[in-house]
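Q: Okay, handing you the structure first.
The values are calculated or read from the model by the stated rules, or taken from the named source; none is laboratory data. Note that this is a predicted model, so its numbers are computed, not measured. Glycine gets a Cβ as well: all are built from the backbone with ideal geometry, and neighbour counts include every protein chain shown.
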Amino acid sequence: MATKSFDMIVIGAGPGGYVAAIRGAQLGLNVAIVEREHMGGICLNWGCIPTKAMLRSSEVFHLMHRAKEFGLKASGIDYDLDAVVARSRAVAKQLNGGVGHLLKKNMVTAIMGDATITAKGKVSVKTDKGTEELTSKNIILATGARARELPGLEADGDLVWTYKHALVPPRMPKKLLVIGSGAIGIEFASFYNTLGSDTTVVEVMDRILPVEDAEISGFAKKQFEKQGMTIMEKAMVKQLDRGKGKVTAHIEVGGKVEKHDFDTVISAVGIVGNTEGLGLEGLGVKVDRTHVVTDEYCRTGVEGVYAIGDIAGAPWLAHKASHEGVMVAELIAGKNNVHPVKPESIAGCTYCHPQVASVGYSEAKAKELGYKIKVGRFPFIGNGKAIALGEPEGMVKTIFDEKTGELLGAHMVGAEVTELIQGYVVGRTLETTEEDLMNTVFPHPTLSEMMHESVLDAYGRAIHF
Ligand SMILES: Cc1cc2nc3c(=O)[nH]c(=O)nc-3n(C[C@H](O)[C@H](O)[C@H](O)COP(=O)(O)OP(=O)(O)OC[C@H]3O[C@@H](n4cnc5c(N)ncnc54)[C@H](O)[C@@H]3O)c2cc1C
């Protein structure tokens with residue numbers, strides 16, 4: 001087969017890769033993208049999207065149980081797990097098809113196969129029909145990541161699941177152990193707990209959702225406990241004894257090892273980058289703890305080789321991957337004024353019930369960095385829309401630099417906060433100060449009014465609390 005030449009080759013068609021490919025094509029580059037499994041990557045097929053579809057089912061289920069509160073009648077409320085999963089898979093399939101369509105529309109050459117870089121500028125792709133050889137001066141690694149497996153706690157798909165198994169569960173867990181309380185662990189804990197699993201979350205750090213502000217973690221913990229979850233912090237699962245339909249977990253907590261039985265375990269202890277088999281060693285691309293080492297422009301140090309998204313390290317978020325994809329495509333196309341992605345301006349969202357969202361520094365981090373700060377807080381109970389929605393539990397917390405008024409961080413827990421956070425993200429990108437936010441008129445009645453009130457509170461001016 002003849003070697004095909006491109007301006008840019010992207011390996012991996014997740015939210016990092018396919019967005020980079022489209023942006024490159026928009027800028028007039030001749031682009032190829034190689035994907036070995038599914039267009040849209042983990043995000044569309046096994047991550048962001050199917051989890052949100054499942055969480056929507058559990059949210060509606062929860063609201064149906066509250067029908068009486070809203071003057072409605074509902075009886076015989078139940079769920080059909082297979083139908084919940086079928087809906088989630090259909091949503092993922094629809095979006096996966098959409099990515100293929102977008103690539104075609106933008107005249108990107110999409111190749112299904114496994115890619116390896118065989119020499120500088122040379123990519124070999126194993127496809128169903130044989131091997132294709134591609135060349136380009138610019139190669140973007142966007143091969144993503146997969147679930148981390150700890151020795152002794154490996155998934156088997158029956159008793160012990162990764163996120164993939166948890167998205168197509170063989171049964172409804174009766175007694176569920178979730179190991180790890182990052183966004184992935186907590187979202188599955190929330191889903192299964194809402195549908196009736198007796199759920200325990202074990203977190204090795206001193207609090208759940210450990211990357212969030214401590215006050216938000218504490219608030220969320222109380223809500224989860226009210227919903228019946230058991231939360232074990234500063235606790236470590238040391239061993240899993242697998243029996244017939246039963247797992248005995250040895251959990252070290254407070255210096256003692258406790259044994260607890262479960263019928264299902266979800267392991268959500270982080271991810272590892274897909275760096276193997278790409279030919280990185282031969283090229284001299286540096287890898288540190290399964291992630292490709294890059295500079296702020298996603299350059300690997302090897303000329304013409306870039307790495308974006310999950311393979312390039314934290315934060316492991318789809319929007320970070322996409323933004324890096326756009327940035328690198330623009331660099332390759334020779335565009336001026338390309339800005340690096342600032343990690344502290346990337347919002348993190350967890351779609352549990354209640355939702356959690358944040359951007360920028362936590363209170364502890366701001367203090368650690370030496371800022372003198374002003375902190376504002378506003379509770380959902382003081383907001384008319386939250387009460388009308390029947391969602392009075394939650395809070396908005398904002399952190400400002402006392403000296404300059406810069407918005408250093410915003411942290412939220414409660415209904416729809418994953419939609420609200422973007423207001424503060426725009427604020428941070430525009431280098432907004434407390435003055436700009438206070439002078440902004442927020443529509444009434446909306447949950448967004450709490451974003452205003454939290455800022456006012458930081459300066460002793462909150463109206464409704
Ligand atoms: C359960 C779950 C829920 C999540 N929820 C969210 C969320 O709500 N919001 C959010 O922002 N993030 C979420 N994430 C994280 C998000 O999915 C990732 O950050 C995102 O997918 C990273 O994008 P990527 O393009 O770097 O890699 P990926 O999406 O992992 O895509 C990489 C692609 O590369 C392909 N590939 C790998 N090696 C090769 C090769 N050698 N040749 C060809 N192709 C190859 C893979 O098949 C894959 O399709 C979630 C993740 C999980 C697991």
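Q: Exactly one of (1) more than 12 Å from the ligand (Cβ to nearest atom); (2) under 27 Å from residue 195 (Cα atoms); (3) among the hydrophobic types (A, V, I, L, M, F, W, C) is unmet by residue 161. Its number?
A: (1)
Q: Please find, within the range 1-47, the residue that is modelled with the highest pLDDT out of those that are over 27 Å from the mean Cα position of the chain (by Cα) and over 23 Å from residue 335 (Cβ atoms).
A: This residue is 4.
Q: Can you spot a residue in the range 279-292 that is farther than 25 Å from residue 164 by Cβ, under 27 Å from the mean Cα position of the chain (by Cα), acidic (Asp, Glu) and in the same structural domain as residue 179 (by TED's automatic domain parsing)?
A: So far as the range 279-292 goes, no, none of its residues is farther than 25 Å from residue 164 by Cβ, under 27 Å from the mean Cα position of the chain (by Cα), acidic (Asp, Glu) and in the same structural domain as residue 179 (by TED's automatic domain parsing).
Q: When the residues of the range 320-345 are filtered to those that are charged (D, E, K, R) and part of a loop (DSSP other than H, G, I, E, B), which remaining residue is farthest from the ligand (Cβ to nearest atom)?
A: 335
Q: Across the range 444-465, which residue is nearest to residue 395 (Cα to Cα) among those that are hydrophobic (A, V, I, L, M, F, W, C) and touching a Ser or Thr at 6+ places or on another chain (Cβ under 9 Å)?
A: Filtering the range 444-465 for residues that are hydrophobic (A, V, I, L, M, F, W, C) and touching a Ser or Thr at 6+ places or on another chain (Cβ under 9 Å), the one nearest to residue 395 (Cα to Cα) comes out as 451.
Q: Considering only the range 15-34, I want to know if a residue exists there that is assigned by TED's automatic domain parsing to the domain that holds residue 141, more than 9 Å from the ligand (Cβ to nearest atom) and at positive phi.
A: Yes, the range 15-34 contains at least one residue that is assigned by TED's automatic domain parsing to the domain that holds residue 141, more than 9 Å from the ligand (Cβ to nearest atom) and at positive phi.
Q: Here is a follow-up. Can you tell me which condition residue 147 does not meet? The list is (1) modelled with pLDDT under 95; (2) under 19 Å from the mean Cα position of the chain (by Cα); (3) of a type in the set (Gly, Ala, Ser), and all the others hold.
A: Every listed condition holds for residue 147 apart from (1).
Q: Continuing with this model, one more query. If I filter the range 328-336 for residues that are under 18 Å from residue 429 (Cβ atoms), out of contact with any Gly (no Cβ under 7 Å at 6 or more places or on another chain) and not charged (D, E, K, R), do I get at least one hit?
A: Looking through the range 328-336, none of the residues is under 18 Å from residue 429 (Cβ atoms), out of contact with any Gly (no Cβ under 7 Å at 6 or more places or on another chain) and not charged (D, E, K, R).
Matching residues to (1) within 19 Å of residue 144 (Cα to Cα); (2) among the small types (Gly, Ala, Ser):
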site	(1), (2)
6	no, no
10	yes, no
25	no, yes
44	yes, no
51	yes, no
59	no, no
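Q: For residue 154, which of the numbered conditions (1) of a type in the set (Asp, Glu); (2) more than 29 Å from residue 20 (Cβ to Cβ); (3) in a strand (DSSP E or B) fails to hold?
A: It is condition (3) that residue 154 fails.
Q: Kindly list, by first and then second residue, each pair from a residue in the range 141-152 that is free of Cβ contacts under 8 Å to residues at least 60 places away in the same chain to a residue that is outside any loop (DSSP other than H, G, I, E, B), limited to pairs with Cβ atoms under 6 Å and residues at least 6 apart or on different chains.
A: Filtered contacts from the range 141-152: no entries.
Q: Can you name the condition, by its number, that residue 301 falls short on among (1) in contact (Cβ under 8 Å) with a residue 24 or more places away in the chain; (2) away from the ligand (no atom under 16 Å from the Cβ)?
A: Going through the list (1) in contact (Cβ under 8 Å) with a residue 24 or more places away in the chain; (2) away from the ligand (no atom under 16 Å from the Cβ), residue 301 breaks only (1).
Q: Can you find even one residue in the range 353-372 that is away from the ligand (no atom under 15 Å from the Cβ), at pLDDT 95 or above and among the aromatic types (Phe, Trp, Tyr)?
A: Yes; the residues of the range 353-372 include at least one that is away from the ligand (no atom under 15 Å from the Cβ), at pLDDT 95 or above and among the aromatic types (Phe, Trp, Tyr).
Q: Test of understanding: among 88, 124, 75, which residue is within 12 Å of the ligand (Cβ to nearest atom) and without any contact (Cβ under 8 Å) to a residue 12 or more places away in the chain?
A: After applying the criteria, what remains is 124.
Q: Here's a check for you: in the range 316-352, which residue that is within 26 Å of residue 146 (Cβ to Cβ) and either in contact with an Asp or Glu (Cβ under 7 Å, 6 or more places away or on another chain) or at pLDDT below 95 (or both) is surrounded by the fewest Cβ atoms within 10 Å (Cβ to Cβ)?
A: Per the criteria, the residue is 343.
Q: Out of the residues in the range 37-53 meeting the condition of being of a type outside the set (Asp, Glu), free of Cβ contacts under 8 Å to residues at least 60 places away in the same chain and part of a loop (DSSP other than H, G, I, E, B), tell me which one is farthest from the ligand (Cβ to nearest atom).
A: 40
Q: Related question: Give me a count of the residues in the range 248-289 that are without any contact (Cβ under 8 Å) to a residue 12 or more places away in the chain and not in a strand (DSSP E or B).
A: Residues in the range 248-289 being without any contact (Cβ under 8 Å) to a residue 12 or more places away in the chain and not in a strand (DSSP E or B): 4 in total.
Q: Another one. Which ones in the range 346-366 are in contact with a helix residue (DSSP H, G or I) (Cβ under 6 Å, 6 or more places away or on another chain) and assigned to a loop (DSSP other than H, G, I, E, B)?
A: Within the range 346-366, 346, 347, 351, 352, 353, 354, 355 meet the criteria.
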